[in-house]
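Every read-out reported here was derived from the displayed coordinates using simple, explicitly stated rules and does not represent laboratory data. No experiment lies behind these values; they were computed from the predicted model shown. Note that each Cβ is placed from the backbone with ideal geometry, even for glycine, and that neighbours are counted across all protein chains shown.
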Amino acid sequence: MNWFERHLNWTMVLALVGVYGVNFINGLMAGLSAHYVSYFTWFDIGLMIISLAILALVWGWALRRKNRSLWWLPLGLFVPFGFIVLLCLENKSLIHDASSSSIADYNKPIELSPDNADAHYKRGNDYYGVGEYSKAIADYNKAIELHPNHLSAYYNRGLAYRKKGEVPRAVSDLEKFIGLSTDPELTKAAQQALSEMKHSP
């Protein structure tokens, strides 16, 4: 997981600042130009369209990483201060950022209660968050062994298998999740991941 994936809101803000910065500099240059009207008519409008396209790509990517619908995108692009709503949207991904200390927080509870499926699942999420996909899968396996209908564990294990390039196992887990899930947004995210895997070379 790279910096941009770990800091989705900052990524969205940086894209906004970058786009506005370029347009601000362009505005200053246009104001100093003797041919301001023609300059604005052709170049500025083109730059505005390109800027909207860049924001749409970056913000759309961030919304997908948050497991949020792209229907939120027009709000950020065309409603004044609508981007604030995008920043406030909670990340619905079942996997969150983690650190070595947060992983250690679950070691003791698991030692005391090895049959705690939720503790294995949460530690698996933390392992995933730091890129330890094999360890994450091991914890998800244990969570599913203890709680065979642990849908979140199937979903996250599918994502972990995908990260490792084990596509058939990833497909199996995500299909299992889709068949039983009652969360429409996560179901759509799982379907999107399946579609990407099935159409990738």
> For the stretch 100-199, what D do you get in µm² per second when you plug the Kirkwood radius from alpha-carbon pairs into Stokes-Einstein at 4 °C and 1.567 mPa s?
Replying inline: 95 µm²/s
> Which FRET efficiency, nearest 0.05, do ALA56 and SER134 yield, Cβ-Cβ r, R0 30 Å?
Replying inline: 0.25
> Taking other Cβ within 10 Å of each residue's Cβ, how do ARG157, ARG65, ARG123, ARG162 sort, fewest first?
Replying inline: ARG65, ARG162, ARG123, ARG157
> Ranked highest first by average number of other Cβ atoms within 10 Å, how do 132-138, 179-185 line up?
Replying inline: 132-138, 179-185
>> Could you tell me the calculated FRET efficiency between ASN107 and PHE24, based on Cβ-Cβ distance and R0 = 35 angstrom, to the nearest 0.05?
In response: 0.10
> Hey, with R₀ at 30 Å, roughly what FRET efficiency would THR182 and VAL13 work out to, going by the Cβ-Cβ distance, to 0.05?
Replying inline: 0.35
> What net charge do the residues around PRO109 carry, taking every other residue with its C-beta under 15 Å from that of PRO109, with Lys and Arg at +1 and Asp and Glu at -1?
Replying inline: -2
